Amino acid sequence: MTKYMFAILFCYLFVQGIEYWLKYINLEHMKKYGMNVPSGFEGFIDEEVLKKTHAYTIESSRLSLYESLFGNVLLIAFIFGGLLNVYNSWVSSLSLPFILHGFIFFILLSYAGSIIEIPFSLYSTFKLENKYGFNTMTMKLWIKDFLKSILISTVLMGIIISGSMWLIQTSPYYWWLFAWGFFLIFSLFIMYISPYVIEPLFNKFTPLEGDELEDKIRDMMNKAGIKVSRVFKMDASKRSKHTNAYFTGIGKVKRIVLFDTLIQKMDMKEILAVLAHEVGHWKKKHVLKMIVRMELMSFAAAYIAFRILNTDILSNIFNAPDATFFSKLVILGFLFSMVSFPFTPLFSYLSRRHENEADRFAVELTSDNESLATSLIKLSKDNLSNLHPHPTYAKFYYSHPPVVERVKRIRSLGA
């Protein structure tokens with residue numbers, strides 16, 4: 001192992017150490033304050049719910065820790081222990097054409113990752129989620145979902161890998177630009193067809209027709225100036241008792257989807273408040289802003305990757321004289337993951353700001369801040385969300401403001 005590899009390994013372990021430290025202080029903070037019912041949550045949250053939340057958070061965090069440690073050991077062995085070179089040599093020995101070589105190289109890695117995740121997914125679904133009353137999935141359904149996911153990922157990765165490899169082969173000097181554009185167009189295409197092609201493979205979507213709730217939703221959408229093709233109820237309860245609602249699709253295929261569990265547990269005003277929040281994201285163009293931000297970063301990353309891959313720097317640093325274009329991409333992706341880590345709190349902050357803007361829009365649209373507040377309290381109760389995260393952990397990782405802080409801010413909007 002070269003001295004540069006030691007330096008990179010040290011940086012990676014340092015980053016992982018920070019992540020584990022943040023998780024540790026978050027759990028310790030919950031242990032210290034987790035049994036306190038937050039102000040304004042009385043009547044919804046009691047000591048029994050807090051005990052259950054405390055236990056669920058501890059066990060799910062422990063499972064996440066084991067999965068992370070296992071994954072890190074495998075990753076270090078793969079990148080720094082020579083397994084990548086062995087794998088690269090084996091695929092190269094097949095003497096495949098460039099495009100097929102790339103497809104086999106990356107699809108087998110994808111399959112390996114999916115197989116490694118199986119025991120953790122099974123334990124989470126049938127042990128942890130069962131224990132706390134969330135899971136409603138059968139083993140038969142889990143297997144069907146797994147096989148469908150593998151099939152879909154194979155098709156999508158086949159298109160992405162084959163297309164990008166063809167661009168690389170066809171345009172050696174400008175492939176980074178063409179590949180970036182290809183990924184952008186393909187991702188927008190998937191967003192467009194997903195409500196019609198991919199999502200129905202996993203869930204049944206039933207239109208809310210002739211329902212008072214649908215009329216209220218359409219009235220609210222018209223007031224907001226948004227045209228929605230249809231409002232659907234999704235049979236989420238066949239897999240889990242968790243609650244949610246979301247917008248899906250882009251352009252003329254925007255659809256509102258309500259979990260059947262959400263409809264069961266919230267009253268009409270609360271459902272409208274949750275949807276008004278989602279409308280806020282559309283009206284404030286948060287989705288567009290996110291896409292633009294991510295694509296600008298992807299554009300810069302594609303150019304940097306092009307410049308690095310045209311040199312032997314990765315081969316020299318990782319002592320891999322026989323490194324192929326594909327193995328260099330794996331190494332580069334690993335390095336990019338470390339470089340992006342310091343930006344995590346910035347992205348989390350921008351996401352939280354969008355959530356606050358959407359909350360304000362929802363209150364203005366419905367003139368009902370209390371229903372939005374109680375809907376969030378119910379969501380946190382039903383999902384056993386940690387009500388007392390450590391402030392530093394929340395600033396670093398939370399894409400939404402902590403629910404206690406968020407509810408307090410929402411209620412102040414009506415003052």
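Give the residue that is surrounded by the fewest Cβ atoms within 10 Å (Cβ to Cβ), with candidates limited to residues of the range 24-42 that are touching a helix residue (DSSP H, G or I) at 6+ places or on another chain (Cβ under 9 Å) and outside any helix (DSSP H, G or I).
Looking at residues that are touching a helix residue (DSSP H, G or I) at 6+ places or on another chain (Cβ under 9 Å) and outside any helix (DSSP H, G or I), I get Ser39.
The conditions are (1) in a helix (DSSP H, G or I); (2) closer than 30 Å to Thr138 by Cα, and Val231 fails exactly one of them. Which is it?
Only one criterion is unmet by Val231, namely (1).
If the Cβ limit is 8 Å and pairs must be 6+ apart or interchain, which residue in the range 269-291 that is in a helix (DSSP H, G or I) pairs with which residue that is basic (Lys, Arg)?
Glu270/Lys378; Leu272/Lys216; Gly280/Arg360; Trp282/Lys254
Out of the range 332-355, which residues are aliphatic (A, V, I, L, M) and either closer than 19 Å to His286 by Cβ or in contact with a Leu (Cβ under 9 Å, 6 or more places away or on another chain) (or both)? Show your work before the answer.
Our first condition is that a residue be aliphatic (A, V, I, L, M); within the range 332-355, this holds for 332, 335, 338-339, 346, 350.
Passing the criteria: Leu332, Leu335, Leu346, Leu350.
Does Ser340 meet the test of being closer than 19 Å to Lys23 by Cβ, surrounded by fewer than 16 Cβ atoms within 10 Å (Cβ to Cβ) and small (Gly, Ala, Ser)? If you could, list the steps in order and put the result at the bottom.
Values: closer than 19 Å to Lys23 by Cβ: yes; surrounded by fewer than 16 Cβ atoms within 10 Å (Cβ to Cβ): yes; small (Gly, Ala, Ser): yes.
Answer is yes for this residue.
Taking Tyr56 as the residue in question, decide whether it is assigned to a helix (DSSP H, G or I), free of Cβ contacts under 8 Å to residues at least 24 places away in the same chain, surrounded by 13 or more Cβ atoms within 10 Å (Cβ to Cβ) and not aliphatic (A, V, I, L, M).
Values: assigned to a helix (DSSP H, G or I): yes; free of Cβ contacts under 8 Å to residues at least 24 places away in the same chain: no; surrounded by 13 or more Cβ atoms within 10 Å (Cβ to Cβ): yes; not aliphatic (A, V, I, L, M): yes.
Spelling it out, it is not the case that Tyr56 is assigned to a helix (DSSP H, G or I), free of Cβ contacts under 8 Å to residues at least 24 places away in the same chain, surrounded by 13 or more Cβ atoms within 10 Å (Cβ to Cβ) and not aliphatic (A, V, I, L, M).
Select the helices (runs of 4 or more DSSP H) contained entirely in the range 69-182, then report the ones holding at least 1 residues which are of a type outside the set (A, V, I, L, M), touching a residue at least 12 places away in the same chain (Cβ under 8 Å) and touching an Asp or Glu at 6+ places or on another chain (Cβ under 7 Å). Break it down stepwise before answering.
On the way: elements: 83-92, 98-123, 139-170.
Correct list: 83-92, 98-123.
Which number in (1) over 21 Å from the mean Cα position of the chain (by Cα); (2) at pLDDT below 95; (3) assigned to a helix (DSSP H, G or I); (4) surrounded by fewer than 15 Cβ atoms within 10 Å (Cβ to Cβ) marks the one condition that Trp21 misses?
(2)
For Thr170, indicate whether it is exposed (fewer than 13 other Cβ atoms within 10 Å of the Cβ) and of a type in the set (Ser, Thr, Tyr).
Details: exposed (fewer than 13 other Cβ atoms within 10 Å of the Cβ): yes; of a type in the set (Ser, Thr, Tyr): yes.
So Thr170 passes the test.
Can you tell which of Asn369, Asn310, Asn319 is over 27 Å from Leu9 (Cβ atoms), at pLDDT below 95 and either in the same structural domain as Phe178 (by TED's automatic domain parsing) or not small (Gly, Ala, Ser) (or both)?
Every option except Asn369 fails the conditions.
Under 8 Å between Cβ atoms, which residue pairs at least 6 apart in sequence (or on different chains) link something in the range 317-330 that is free of Cβ contacts under 8 Å to residues at least 12 places away in the same chain and among the aromatic types (Phe, Trp, Tyr) with a partner that is surrounded by 20 or more Cβ atoms within 10 Å (Cβ to Cβ) and assigned to a helix (DSSP H, G or I)?
Within 8 Å, no pair qualifies.
Report yes if Gly71 is on the phi > 0 side of the Ramachandran plot and among the small types (Gly, Ala, Ser), otherwise no.
no
What number of residues within the range 374-401 satisfy the criterion of being outside any helix (DSSP H, G or I) and farther than 23 Å from Ile271 by Cβ?
Residues of the range 374-401 outside any helix (DSSP H, G or I): 383-390, 398-401.
Among the residues that remain, those that are also farther than 23 Å from Ile271 by Cβ are: 386, 388-390, 398.
The total comes to 5.
In the range 270-307, what residues are acidic (Asp, Glu) and modelled with pLDDT under 90?
Matches in the range 270-307: Glu278 only.
For every residue, the table says whether it meets (1) under 30 Å from Arg409 (Cα atoms); (2) β-branched (Val, Ile, Thr).
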| position | (1), (2) |
| --- | --- |
| Val37 | yes, yes |
| Lys51 | yes, no |
| Thr57 | yes, yes |
| Ser68 | no, no |
| Leu75 | no, no |
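Are there any pairs, at least 6 apart or on different chains, whose C-beta atoms fall under 7 Å, with the first in the range 30-49 and in contact (Cβ under 8 Å) with a residue 12 or more places away in the chain and the second exposed (fewer than 12 other Cβ atoms within 10 Å of the Cβ), and if so, which?
Pairs found: Met35/Glu47.
Can you say whether Arg352 is out of contact with any Cys (no Cβ under 9 Å at 6 or more places or on another chain), surrounded by 17 or more Cβ atoms within 10 Å (Cβ to Cβ) and among the charged types (D, E, K, R), as far as the supplied structure shows? First the steps, then the outcome.
Details: out of contact with any Cys (no Cβ under 9 Å at 6 or more places or on another chain): yes; surrounded by 17 or more Cβ atoms within 10 Å (Cβ to Cβ): yes; among the charged types (D, E, K, R): yes.
Answer is yes for this residue.
Any chance you could count how many residues in the range 359-393 are surrounded by fewer than 21 Cβ atoms within 10 Å (Cβ to Cβ) and within 21 Å of the chain's Cα centre (by Cα)?
Residues in the range 359-393 being surrounded by fewer than 21 Cβ atoms within 10 Å (Cβ to Cβ) and within 21 Å of the chain's Cα centre (by Cα): 7 in total.
The values are calculated or read from the model by the stated rules, or taken from the named source; none is laboratory data. What you are looking at is a predicted structure, and each value in this text was computed from that prediction instead of being measured. So basically every Cβ, Gly included, is an ideal-geometry build from the backbone, and we count neighbours across all protein chains shown.
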